[in-house]
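Accompanying notes for the structure given below.
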Amino acid sequence: MAPRFSPFDASLWHATAEPAPATGVLEGETRADVCVVGAGYTGMTTALELAKAGTDVVLLEAQETGFGGSGRNAGHCTPTFTHYSLANLRRMLGEPWAERLIARQTRANERVGAMVRDYQIQCEWVQNGYVMGALHPGGIKVLREKEASYNAVGARTRLIDKAEVEEITGSPRFTAGWFHEEAGHLNPLSYARGLARAAMQEGVRLFTRSPVSGVEQEGGRWRVRTPNGSVLAEKVIFTSGAYTVGGWPKLDRTFRILRVFVAATHPLSEETRRTVLPRNTTIHDGRGDIYVYKYNAEGRIVASMFPMGRRGQDIAYTKQVMTDRLKWLHPQIREEIRWDYLWFGELDMQKKTVPRLYGLAPGVVALTGLSGRGVPTGSMLGSILSEWALGVPERELSLRVEPLREAPLYMLFAPQLSLRYHRALDNFAARRRGSEALPPHA
Ligand SMILES: Cc1cc2nc3c(=O)[nH]c(=O)nc-3n(C[C@H](O)[C@H](O)[C@H](O)COP(=O)(O)OP(=O)(O)OC[C@H]3O[C@@H](n4cnc5c(N)ncnc54)[C@H](O)[C@@H]3O)c2cc1C
């Protein structure tokens, strides 16, 4: 049978991350106030916040720290929402939920920065901002709306003109751009391992290679079982995301998997680096069929895209697409581009692409459905989940607690269709506006 998830050890981060703290397998029975399941950003920041508040926490991980999206993502940390404008989000979630979640998400990088600083996490963290480009004047309206709506909730962003986009990113292709100065980027696996170390330092008992196989009630508490042991806890929090394996019936149906890939070049020459992303920012090329990229600490471009047709299946072709996009955006690149790493991962997509908090039973919740924006999001979710575990009334939380809901079947193909639709729109807009088209297969 094909492995359920993409290989973990293929990534640049696996090759370059700081070592993980030593952890062991859960053996025998133990007790805790709270048992958290899944050592990604969401689970680790939850455990960390709870331990800081004096709670006795056991954190159980099926594989190793950061095995899920948290150890293999691209490392962009942009404190915004994907897919939805803030106005849409308000309509979709209603108040007070929308305003609370918006406040947490847009301030998430302050948390990331504080954790990196307070626990001295070595993870290549830089906070030089993010640019979303507009390839033609028709794209400026959306960026203007972003500027107004995000600034209204306290973010520091601004619309920038063609000259400034070129100055910041080194790309002459854009008509304008949206600059979010609080955005950052990092080495995601180093960050995950640093969070694990921080949580352990605060007293969290973290066990790896300890997959939760089931949870059952026992004398008013919950018995959380793994192959070699169990935890008797008052409260249980599932944060197993796209990589959910068992644990609770139907939890892995609350989302549908969408695969995404990331590739990293060889370390680029000084000459190229002087003119391509000279300020070490993150850039989104403004297309619906996205291409997002940044440097790692060694000066490799790390870029991500979604598979589509041959792209993602045929690796040589996929690398050619990545090169063509990069060179189209930066015609000044003279050196040959080699993609040393290319790896895949899974996203937990659901209909409303914002995190969903499910009440599974009294004292048991699960949070899934980050839908692709997880570095800032997972980092701030710990504050919400820890509040739930500490007894903050549900009506005061920043996420509504709802019954477990299976993601509709059409989510299996809807995100792919939406990507294709946006690609067609991008191409149509480029032709109509007379902008120079991408190379044929890029
Ligand atoms: C390739 C890729 C690129 C991405 N790029 C970005 C990006 O640049 N910026 C961004 O913001 N987001 C990005 N994301 C999304 C982001 O990485 C995720 O949303 C985020 O890491 C999810 O964190 P999490 O803690 O919720 O879950 P995860 O990190 O997936 O952690 C869940 C953990 O639970 C464990 N688990 C599962 N079942 C059990 C069980 N039964 N018992 C015990 N443990 C269990 C898993 O092994 C896993 O370690 C990307 C994702 C991918 C895959």
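Since every read-out is calculated from the coordinates, none of them should be taken as a lab result. No experiment lies behind these values; they were computed from the predicted model shown. Here the Cβ is made from the backbone with ideal geometry for all residues, glycine too, and neighbour counts use every protein chain on show.
Considering only Pro408, Val245, Phe428, the residue lying farthest towards the positive end of the dipole of the chain is Phe428, judged by Cα position with unit charges set on Cβ. Of all DSSP-defined beta bridges confined to the chain, some 65% are antiparallel rather than parallel. Comparing mean-square fluctuations of Gly170, Gly369, Gly220 from a GNM of the chain with C-alpha springs under 10 Å, the top value falls on Gly220.
For a modelled paramagnetic label at Val153, 7 Å from Cα along Cα-to-Cβ, the residues of region 108-142 in reach, with backbone nitrogen under 16 Å, are 108-111.
A Cβ-based charge dipole, computed about the Cα centre of the chain with Lys and Arg at +1 and Asp and Glu at -1, lands at about 1280 debye. Averaged over residues, the count of other Cβ atoms within 10 Å places the peptides 111-122, 49-60, 376-387 in the sequence 376-387, 49-60, 111-122, highest first. Sites listed here are GluC sites (Glu not before Pro) in region 104-186 whose DSSP assignment is loop and whose Cβ has at most 15 other Cβ atoms within 10 Å: Glu181. Applying 0.36 nm per residue to the separation of Glu298 and Glu270 and subtracting their alpha-carbon distance, the gain on full extension is 9.0 nm. Membrane-span-like helices in the chain, defined here as complete DSSP H runs extending at least 24 Å along the helix axis by their C-alpha atoms with mean Kyte-Doolittle hydropathy no lower than -1.0, are 414-433; this is a sequence and geometry rule, not a statement about a membrane. Contact order, relative form, for the chain: 24 percent (alpha carbon pairs under 8 Å, 6 or more residues apart, mean separation divided by residue count). Computed over region 1-102, relative contact order equals 23 percent, with contacts defined as Cα pairs under 8 Å that lie 6+ residues apart.
As an exercise, use a Förster radius of 25 Å and the Cβ-Cβ distance of Arg144 and Phe413 to find the FRET efficiency, rounded to the nearest 0.05. Calculated transfer efficiency: 0.15. The helix-based estimate of mean residue ellipticity at 222 nm for the chain, built from -39,500 (n - 2.57) per DSSP H run of four or more residues and divided by its residue count, is -9500 deg cm²/dmol to the nearest 500.
The mean sequence separation of alpha-carbon pairs under 8 Å and at least six residues apart, normalised by the residue count of region 132-258, gives a relative contact order of 16 percent.
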